[in-house]
Amino acid sequence: AWLGGLNGVTVIRHSDGAVLRYDEANGLRGEVVNDLAIDGENTPWVATPEGLGRFHENRWLFIHDGFPENHHVRSIAMDSNGELWTGGLRGAGHYDGEQWETFNTRDGLISNNIHSVHVDGADRVWFVTNAGISLMIRQGE
C-alpha cells in the first residue's frame, strides 16, 4: 500500500509488513504529498508542491522535460490506458507516456483552478474546480 500525506510517502509492503518512509532525506521533493496514484505498471506517481514525480528503480524521479511550467499539480488520476491526468492551479494536464497536453478555460474547463481529478469507469475525466465541475469526454470515446 502506498500512502501520501503531510509527511511524505509511506509504503506498507504486503509481503512482510515492513513500513518504509520516503521524504526529502531520501529523494522525495517536499514533505507534503497532495495526491498519489498508481499507473498500469504499478508505478507510483506523486503530486507535491515542488513538482510531479514517479518512483522508478527504487528512487524518485521528478519530471521537468515537457512538463507544463508553473502547473502546480494538486491532484492526479490514471485512466484505463495508464495515462496520467493532472489538475492544479493553472488548469489540467494529460500525459500519454511520451508527451504532455494541457487544457484550460479556452478548451472548455469551467475554471483553471482545479482541486481534484477523477477518471470514472468509462474513462471520462472529471475536474472539480473552484467554480464547479467540468467533464471531459475524449473524441472517439
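Excluding Val119 itself, what net charge comes from residues whose Cβ is under 10 Å from its Cβ, given Lys and Arg +1 and Asp and Glu -1?
Taking every Cβ under 10 Å from that of Val119, the sum is -3.
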task: Read phi for every residue in the stretch 76-88 and hand back ³J(HN,Hα) as whole Hz from Karplus 6.51 cos²θ - 1.76 cosθ + 1.60, θ = phi - 60°, with x for Gly and Pro.
output: 9, 8, 10, 8, 5, 8, x, 8, 8, 10, 10, x, x
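What's the carbon and sulfur percent of the stretch 20-138's accessible surface, probe 1.4 angstrom, rounded to a whole number?
After summing per-atom areas, the C and S share lands at 42 percent.
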field: Of Val117, Val128, Val11, the one that fluctuates the most in a GNM where the chain has Cα springs shorter than 10 Å
entry: Val11
message: So, for the chain, what is the accessible surface per residue at a probe of 1.4 Å, expressed in square angstrom?
response: 57 Å²
field: FRET efficiency, Asn58 to Thr102 (Cβ-Cβ, R0 35 Å, nearest 0.05)
entry: 0.70
- prompt: Put +1 on the Cβ of every Lys and Arg and -1 on every Asp and Glu Cβ in the chain; which of His56, Asn112, His94 then has its Cα farthest towards the positive end of the dipole?
  reply: Asn112
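The values are calculated or read from the model by the stated rules, or taken from the named source; none is laboratory data. Computed from a prediction, not measured in an experiment: that's the story for all the values here. In this analysis, Cβ positions are derived from the backbone assuming ideal geometry, glycine residues included, and neighbour counts consider all displayed protein chains. Protein only, heavy atoms only, side chains kept; ligands, DNA and RNA dropped before computing areas. Shrake-Rupley method; radii C 1.70, N 1.55, O 1.52, S 1.80 Å.
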